[in-house]
There are 4 protein chains.
Amino acid sequence: MIKASVVGASGYVGQELIRLLWGHPQVEIVHITSTSKVGEAFHHMYGNYKDIFDKEFVPQDLEKIAEESDVMFLALPHGVASGLVTDSILKKTKVIDMGADYRLKDLSEYEAWYKTTHESPELMEKSIYGLCEIEGPKIAEYDLIANPGCYTTCSILTLAPLMRSSAFDLDSIVIDAKSGVTGAGRGLNLGTHFTECNESIKAYSVAAHRHTPEIEEQLSTAAGRSIRLIFTPHLVPMNRGILATCYIRLKEKMTWEDVDALYQDFYKDKPFVRTLPKGSFPETKWVKGSNYCDIGWKVDERTNTLVAIGAIDNLVKGAAGQGVQNMNILFGLKETEGLDLVPVFPV
Amino acid sequence: MIKASVVGASGYVGQELIRLLWGHPQVEIVHITSTSKVGEAFHHMYGNYKDIFDKEFVPQDLEKIAEESDVMFLALPHGVASGLVTDSILKKTKVIDMGADYRLKDLSEYEAWYKTTHESPELMEKSIYGLCEIEGPKIAEYDLIANPGCYTTCSILTLAPLMRSSAFDLDSIVIDAKSGVTGAGRGLNLGTHFTECNESIKAYSVAAHRHTPEIEEQLSTAAGRSIRLIFTPHLVPMNRGILATCYIRLKEKMTWEDVDALYQDFYKDKPFVRTLPKGSFPETKWVKGSNYCDIGWKVDERTNTLVAIGAIDNLVKGAAGQGVQNMNILFGLKETEGLDLVPVFPV
Amino acid sequence: MIKASVVGASGYVGQELIRLLWGHPQVEIVHITSTSKVGEAFHHMYGNYKDIFDKEFVPQDLEKIAEESDVMFLALPHGVASGLVTDSILKKTKVIDMGADYRLKDLSEYEAWYKTTHESPELMEKSIYGLCEIEGPKIAEYDLIANPGCYTTCSILTLAPLMRSSAFDLDSIVIDAKSGVTGAGRGLNLGTHFTECNESIKAYSVAAHRHTPEIEEQLSTAAGRSIRLIFTPHLVPMNRGILATCYIRLKEKMTWEDVDALYQDFYKDKPFVRTLPKGSFPETKWVKGSNYCDIGWKVDERTNTLVAIGAIDNLVKGAAGQGVQNMNILFGLKETEGLDLVPVFPV
Amino acid sequence: MIKASVVGASGYVGQELIRLLWGHPQVEIVHITSTSKVGEAFHHMYGNYKDIFDKEFVPQDLEKIAEESDVMFLALPHGVASGLVTDSILKKTKVIDMGADYRLKDLSEYEAWYKTTHESPELMEKSIYGLCEIEGPKIAEYDLIANPGCYTTCSILTLAPLMRSSAFDLDSIVIDAKSGVTGAGRGLNLGTHFTECNESIKAYSVAAHRHTPEIEEQLSTAAGRSIRLIFTPHLVPMNRGILATCYIRLKEKMTWEDVDALYQDFYKDKPFVRTLPKGSFPETKWVKGSNYCDIGWKVDERTNTLVAIGAIDNLVKGAAGQGVQNMNILFGLKETEGLDLVPVFPV
């Protein structure tokens, strides 16, 4: 059994990690931590765990937890993990960081977008960006996994297969993304008060969202050239789900089938990507509670534009599920272990 | 492996059965049927199953399916099952009927409330009302299980433990129940059109809902005397969940602890009933996607009334989950096999 | 033009008052106050008012505001108004208090349920409980109007017409009420965080809600005897609306028509109460944005119980609309002035 | 008083017309028609009108209704109006067509996108595209007004002011639009069944929506050159509201203030367009129930892209409200007459 701990387990990502790890046949959860809830039972915060999981939060002593864990998930606010992870910790345990601290290889980008100083730049080279469908088995060679963001996972999976084709104008990318409200976490603010976001839609962080450089860096790597794109997130009155509607202009004629060939080639043997048949487009309801990313597309011949659309559950493939998938790769398990769940519908 | 078939698999209950059976370690799904969708792939109707489950609907030939199945779930409109199940079928396979046809032992009640003639009254004695927490191992002695209704499961589990106590006025019971919209199924009608039921609440079938006699019959059995009660269902703008707020007058003084003793006694060793601590009350969100029934209560000393509240997921404990639980009992498996899922939150 | 001011205009009730007063043909809004937002434009808090209403919040100086206003609405937290209203203020202006401080004539009940001391008991005799359909023109004789609560308005309007009939067992009343989330106000807490209350239903303040004594006091007056009842509020995932499902046992046989006669007699010439035809029941969607209270009922002959159901918009008839209706009565206007709006649907 | 009739009053647009016309101080509603509901009271279909509006549906005899009406609104399925409107009708009454039949001046586009033959091409020259902020007083010169579509109104209002500037690359326009479910009407289908669209988001009619040529034709006129653009509608789980997120590349440097100047110039003295201050972006909740269009924008200097976002209530400014605004213009009334409503919030 893999001994797993969750540092910062009180938020929605931590909670979803515990749901998945609890159901994982090869995992034993050893510690959950919190800074403010030490001694409190987890099921007091999350009533779904009553009579199921009786762990209490322990203090956030990472060195100690590392000693007693084979893998440690960090679900901490941005900027915290980079001050806590040490070389000594990485020698004791694998670390899967759900936050942003180790995602951007270009630290100047990190510091510009996050307006903070990175506190452990020396660990960057020991870390890998854990987008499983892209890095695959290489992930197993690292001790520190930067688990990708939710918008970024959905956007990159939708666009990466297209980056090496000369048919696309890589300077024309527009990503218009829509997220459920769990993406904003459990912290209270007026924008996520029920009566303020229910029955309404809005864009936010317009041309300023921190997932932008992450998408750009990964797509640049995929393309072998620098990519800048426009990314606009929207808040949708629903609990879970991300839909990324991506637009990219064609420089050469492409049919649906041509694009399909790119996707099939890129995602063969990738169990969590489901490309949809011609004429079908993703809906977030079909992936809820699961680690799938559904992708559909259309070539608009009138405007020579490809519209490619991806959908994920932001808390699963966009966070906890991909964390578990990374863990599976790290420990040589089947990638789907503990994640072979039918999406729950209607929910 | 238990060979299971789902007859009438195209509705929400059928779909949820397939989700749970697919994930059940001891089950192989052999057939799914439909009258109108024969030859169509299940995942065309339910996109969540893409790349997961590739069965197609076969015709509704029950004798043939019975031969090839160890257990056959019927998810059919009321009145259909009683015309299809035969003694010959019951000799070949176990039948778990998700519908109402075999629930009411008093056939005159059945025919009065359902305004139809029961077509196989001779099978009633071979059937049992499959409320697992009440009938327990006795269920294994039967070939035909009448799986309880959603409102009824929630109401009976909340009230049954009180029925043998002299402290309660059994003529005073009021059940005010609230259900999510999946309870109305996948069939189209104006009342469940999004813009007609979203952002609104209403009562329906006031003093006329067909689950009333089912609750009364079971509670009468539990009480050892005839019970009549008032039951009012409401439609709540959410996908899943039932909350039953039950009122019963006290004839004798009872404390929270006295009531607790009744519940603990009744539900000891019942893994799917969770009684909440003093001061806590159920919320449907904590049971979603799971087979749990959460129960909380308060004694109102001002009015000498017990308010007891139960919550379930209507598609799981209120339908498919209890069906699987019945199957587990029938085949001597652990009652929780395939049902040991953490409720999904927030979803 | 009536000069109206709103004290405590930053919450949802204040906002709804401003919507209605702004559209009222006989009203000019002179001041809006807040303790924490002085100097801020109202439309910065509520974007719907952009380019429509450009007032800024002024300090909460009630004596000054009273001098410059014909009527002053107080939308303050419970316990605050009783410390601010003075005899001097009441000589200068009419006061309509949207809060609870002057609602309960029995101050010991007030102090017991609100756990606070009433700071102006001497003003109670100058105040009236402003449930317009019950007090009618008598309201115009008072300077201080205690505007009823939301649950209470809906519950009392549904039950009051029955109180003088000997056919009902007045000791058997159960009110099971359901409210949208605006009832909880704009203040942040976990229970009204979108992802915590969306897609779920729960009871709260079970046998402990402060609207209970208010309903009891008014129904006792209507009945001419003391009434105790059980009241359970529930939180429904929708913005607006209250539905009160009321149960009362029959001591004598009553038909639908008998009950109808009681309602018609009680509500003749009451423009805001709509009794529904036999077989119809209220839905909150049909009253949204309006001052209507819809009422429907059924006699359950099986259990000798009347189920009577009322529906209102909690922010209109349950708060701001009734406030304006009280103002209309105070100033001798038509009761419907400024309130003759078609309910908005679907919204 | 203007005598107004609504032909095809049983759908959501018809219903919203009646709400607005009923509250309009200069209007008397004379007839409402339906093909299938003749003789039925309107308030039986829409309970919000109980005790308010007691008209019954009359047969759809347009010649007769035209004789008795000053203005006739047509809220009919696409393709029907062009077969019903005649020269004779237009001599008797003004016609405001809420449908698509007279919107596209290029009939080959109409017939290509709507896959039907236009039955009254000779009336096209008597008709005008009634986007009030663009055509203004010219509308009064016409007898047949083609009331714009919902997506189109929002998209055109957001983009039209930019069309004459050389700073924008007019070949780069992407419109990613999101609509509430009322946009799909009251007709039943699986996609708008509550449990199928609640808690999910999807794109639909990708690169194939019929509002595309309408937006293109109008923007082409505004630009003085032909424009092709990509338009993607999405279905959002909410009742009302449209948000159009528009992307357009810059060929020259533009600041927020430069863009602001274009909007202010274009929309001066237009009471229903509200441009938001720098850093603010529209939310559909702030326009609900009203005729406003809110617009906000940001220049993304990283990618030289303008993101301009518009929000309307699809049933008001996107349909019935604009219809009434057109009527006001036709009859020489103030444009805001009957439309000066504060948006309702939270609803």
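The values are calculated or read from the model by the stated rules, or taken from the named source; none is laboratory data. Since this is a predicted model, take the numbers as computed values, not measurements. Here Cβ is always computed from backbone atoms with ideal geometry, including for glycine, and neighbour counts include all displayed protein chains. For the accessible areas, the whole protein counts, side chains as well, though only heavy atoms, and no ligand, DNA or RNA atoms are used. Shrake-Rupley method; radii C 1.70, N 1.55, O 1.52, S 1.80 Å.
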Exercise. Among the listed residues B:S200, B:S205, B:S220, B:S226, which satisfies the condition of being within 11 Å of chain C (Cβ to nearest Cβ), open to solvent by 10 Å² or more (accessible area, probe 1.4 Å) and more than 15 Å from the chain's Cα centre (by Cα)?
Worked result: B:S205
Problem set entry | Hey, D:E301 more than 8 Å from every other protein chain (Cβ to nearest Cβ), in contact (Cβ under 8 Å) with a residue 60 or more places away in the chain and open to solvent by 10 Å² or more (accessible area, probe 1.4 Å) or not | no
For this session: Go through the residues of the range B:157-170 one by one and say whether even a single one is over 20 Å from the mean Cα position of the chain (by Cα), assigned to a loop (DSSP other than H, G, I, E, B), of a type in the set (D, E) and farther than 17 Å from A:P346 by Cβ.
Result: yes
Problem set entry | Filter pass, C:E214 being among the acidic types (D, E) and either in contact (Cβ under 8 Å) with a residue 60 or more places away in the chain or assigned to a strand (DSSP E or B) (or both) | yes
Exercise. From C:V259, C:V273, which residue is in the same structural domain as C:K178 (by TED's automatic domain parsing), at pLDDT 95 or above, in contact with a helix residue (DSSP H, G or I) (Cβ under 7 Å, 6 or more places away or on another chain) and open to solvent by less than 40 Å² (accessible area, probe 1.4 Å)?
Worked result: C:V273
Seminar exercise, completed: Reported set for the range B:184-211 where residues are in contact with a Leu (Cβ under 8 Å, 6 or more places away or on another chain) and not polar (S, T, N, Q) is B:A184, B:R186, B:L188, B:L190, B:G191, B:H193, B:E196, B:C197, B:I201, B:K202, B:A203, B:Y204
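Each row is one residue, and each column tells you yes or no for (1) over 24 Å from A:G83 (Cα atoms); (2) within 14 Å of the chain's Cα centre (by Cα).
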site: A:E122; (1), (2): no, no
site: A:G136; (1), (2): yes, no
site: A:E141; (1), (2): no, no
site: A:S155; (1), (2): yes, yes
site: A:I175; (1), (2): yes, no
site: A:N189; (1), (2): yes, no
site: A:E196; (1), (2): yes, no
Exercise. If D:L306 satisfies every condition in (1) open to solvent by less than 30 Å² (accessible area, probe 1.4 Å); (2) part of a loop (DSSP other than H, G, I, E, B) but one, which is the exception?
Worked result: (2)
For this session: Please work out if C:G332 is surrounded by fewer than 24 Cβ atoms within 10 Å (Cβ to Cβ), more than 14 Å from chain B (Cβ to nearest Cβ) and small (G, A, S).
Result: yes
Exercise. Just wondering, is there one or more residues in the range B:144-156 that are within 22 Å of C:G310 (Cα to Cα) and β-branched (V, I, T)?
Worked result: no
Exercise. Could we say that C:G310 is touching a Ser or Thr at 6+ places or on another chain (Cβ under 7 Å) and either outside the structural domain of C:L144 (by TED's automatic domain parsing) or under 19 Å from C:L162 (Cα atoms) (or both) here?
Worked result: yes
Exercise. Can you name the number of the only condition in (1) over 20 Å from D:I89 (Cα atoms); (2) open to solvent by 10 Å² or more (accessible area, probe 1.4 Å); (3) among the aliphatic types (A, V, I, L, M) that D:I29 fails?
Worked result: (1)
Seminar exercise, completed: A:E119: passes all of (1) closer than 20 Å to A:D70 by Cα; (2) open to solvent by 40 Å² or more (accessible area, probe 1.4 Å); (3) in contact with a Gly (Cβ under 6 Å, 6 or more places away or on another chain) but (1)
Problem set entry | Test: residue in the range A:176-194 that is out of contact with any helix residue (DSSP H, G or I) (no Cβ under 8 Å at 6 or more places or on another chain) and open to solvent by less than 10 Å² (accessible area, probe 1.4 Å) | yes
Seminar exercise, completed: Counting only residues in the range B:26-48 that are among the hydroxyl-bearing types (S, T, Y) and within 24 Å of the chain's Cα centre (by Cα), the one farthest from A:V344 (Cα to Cα) is identified as B:T35
For this session: Say whether the condition of being within 14 Å of chain D (Cβ to nearest Cβ), within 28 Å of C:H193 (Cβ to Cβ) and without any contact (Cβ under 8 Å) to a residue 40 or more places away in the chain is met by at least one residue in the range A:174-190.
Result: yes
For this session: Of all residues in the range C:93-103, count the ones that are among the hydroxyl-bearing types (S, T, Y) and either exposed (fewer than 15 other Cβ atoms within 10 Å of the Cβ) or under 16 Å from C:H211 (Cβ atoms) (or both).
Result: 1
Problem set entry | Contacts under 6 angstrom Cβ, first residue in the range D:47-62 being among the hydroxyl-bearing types (S, T, Y), partner in a helix (DSSP H, G or I), 6 or more apart | D:Y49/D:F42; D:Y49/D:H43
Problem set entry | Test result for B:I139, under 30 Å from B:Y263 (Cβ atoms) and not in a loop (DSSP other than H, G, I, E, B) | yes
Exercise. Considering the range B:276-297 alone, what residues qualify as being within 11 Å of chain C (Cβ to nearest Cβ), open to solvent by less than 10 Å² (accessible area, probe 1.4 Å) and not hydrophobic (A, V, I, L, M, F, W, C)?
Worked result: B:P282, B:T284, B:K288, B:D294, B:G296
Exercise. What number of residues within the range D:245-275 are aliphatic (A, V, I, L, M) and farther than 21 Å from D:A167 by Cα?
Worked result: 1
Exercise. Quick one: which of A:D106, A:D143, A:D171 is out of contact with any strand residue (DSSP E or B) (no Cβ under 9 Å at 6 or more places or on another chain) and open to solvent by 50 Å² or more (accessible area, probe 1.4 Å)?
Worked result: A:D106
Exercise. Which of the residues belonging to the range A:46-92 are of a type outside the set (A, V, I, L, M), buried (at least 21 other Cβ atoms within 10 Å of the Cβ) and closer than 24 Å to A:A140 by Cβ?
Worked result: A:S69, A:F73, A:S82
